[in-house]
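Report on the structure given below.
Every number here is computed from the coordinates shown, using simple stated rules; none is lab data. Only a predicted model underlies this, so the values are computations on that prediction, with no experimental measurement involved. Because the Cβ atoms are built from the backbone with ideal geometry, glycine has one as well, and the counts that use them run over all protein chains shown.
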Amino acid sequence: MNKPTVTQEEIWQALQDVKDPEIPVVSIVEMGIVREVSLTDNGVLVKMTPTFSGCPALEVMKNDIIERIHQMGIQNVQVETVLDPPWTSDWITDEAREKLRQFGLAPPPKHGGNLVSVAFLDVAICPRCGSTNTVIKNTFGPTLCRTIWYCNDCQDAFEQFKPL
Ligand SMILES: [Zn+2]
């Protein structure tokens with residue numbers, strides 16, 4: 001067995017190429033999905049926390065991680081799913097929040113674990129014009145992780161990534 005010659009840092013870099021299957025503009029690293037990368041005696045172990053448990057994209061992400069690390073010449077790749085602590089939208093990096101906004105998806109507000117305060121905020125910032133003159137249209141967007149809002153200034157609908 002050959003101990004891999006790559007560094008953890010190089011693997012983190014490579015995983016930046018693996019995009020979130022639902023939001024192709026951000027990587028799974030930026031989304032805070034990749035929790036840990038470690039080098040084992042004969043390969044690589046990646047620990048990840050899916051944004052939503054039972055998320056159908058989970059298998060896609062796993063396969064993408066394995067394939068990307070295979071490309072680095074490492075054959076033995078293990079991907080472990082960690083559900084505790086559960087993923088929170090606070091783990092999304094600031095850079096990724098900006099990318100979400102450019103993608104037309106209002107990023108979730110940071111809540112520091114206090115989801116009740118977010119629920120009472122009841123406002124989303126329009127990703128197009130930055131207006132807070134917005135109203136929620138429904139709580140079920142095209143996927144469970146998004147809500148649909150309406151901007152009174154743009155007079156158009158937009159989606160917000162739901163804070164979790
Ligand atoms: Zn607007």
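Annotation: amide H-H contacts under 5 Å for residue 32 (H modelled 1.01 Å from N, sequence separation of 5 or more, or interchain): 93. Pairs of Cα atoms nearer than 8 Å and 6+ residues apart set the relative contact order; for the chain it is 17 percent.
Tell me, in nm to one decimal, what length is gained between residue 72 and residue 7 on full extension, where the rule is 0.36 nm per residue of separation less the Cα-Cα distance? Present the calculation step by step, with values, prior to reporting the outcome.
Numbers: separation 65, 0.36 × 65 = 23.40 nm, distance 1.10 nm.
Length gained, residue 72 through residue 7: 22.3 nm.
Considering only alpha-carbon pairs that sit under 8 angstrom and 6 or more positions apart, the relative contact order computed for the range 8-81 is 31 percent.
Within the shell of other residues whose beta carbon sits under 12 angstrom from the beta carbon of residue 157, the net charge comes to +1, with Lys and Arg scored +1 and Asp and Glu -1. P(r) tail, the chain: Cα-Cα pairs separated by more than 30 Å, 24% of all pairs. Computed over neighbours whose Cβ is under 11 Å from that of residue 57, the net charge equals -2, Lys and Arg +1, Asp and Glu -1.
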